[in-house]
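Notes follow the structure.
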Amino acid sequence: MQRIIIILASLSISFGISADEPEEILQQYFTIVTSQNFENLGNLMDSESMAGLQELMVNAIRAQTRTGRSDLQKRIFGKKVTLNQVRKTSADFYLHKLAEQILYAATSQNFVVKGQDVLGRIDEGADTVHYLARVSMSQGDKSATAIRVYTIIREGDAWKMKFPDAISQLLQMIEANANRRTR
């Protein structure tokens, strides 16, 4: 039964993200994480987070280019590219590539997200909802759980997710690395 739900959720994701309730966005995110298919991840995220991602990537790659380095653009694009191409690249592309990097790091360490349980909901006004969830993970023969907070906001008529901690932390590392290299 769980496989049927994941398949149906994956089909709804592949035909576009549409959710009437904030919890539907959270469940779609969980489906993406457990299926490890990040292609439509950007469709779930809020426009402010995506715009910030785009700006950060352009600035970080520009900073590296100024110092003669190209390792970030090679990790993202697989080769050196022009700054014009970096600017024209969509936030969806950057998010997909970063999610792949997170997945690669996790799988190389045999780290797998097994499931999530929503423990509670806190409404912060009409346009912001926070969910508390227990995330179950395993690494080899060891299992662990972590409590995570996910924030969903209303954008117009749709609900969108703010970047979860794993993505935010990776972006902070990229920004810190870019700032450190330019000083």
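We did not get these values from a lab; they are worked out from the coordinates using the rules stated. Only a predicted model underlies this, so the values are computations on that prediction, with no experimental measurement involved. For neighbour counting, all protein chains shown are included, and Cβ atoms are generated from backbone atoms with ideal geometry for every residue, glycine included.
Things to note:
- Global size of the chain: 17.4, 55 Å for Rg and Dmax (C-alpha atoms, Rg to one decimal, Dmax whole).
- FRET efficiency for the ILE122 to ALA158 pair, using the beta carbon distance and R₀ = 22 Å, is estimated at 0.60.
- Each other residue within a Cβ distance under 12 Å of ASP117 adds +1 if Lys or Arg and -1 if Asp or Glu, for a net charge of +3.
- For the chain, with +1 on Lys and Arg beta carbons and -1 on Asp and Glu, the positive-most of PHE111, GLN54, MET173 along the dipole: MET173
- Placing +1 on the Cβ of every Lys and Arg and -1 on the Cβ of every Asp and Glu, with no other charges, gives segment 2-182 a dipole of roughly 1280 debye about its Cα centre.
- C-alpha center-to-center spacing [segment 23-46, segment 138-183] in angstrom: 13
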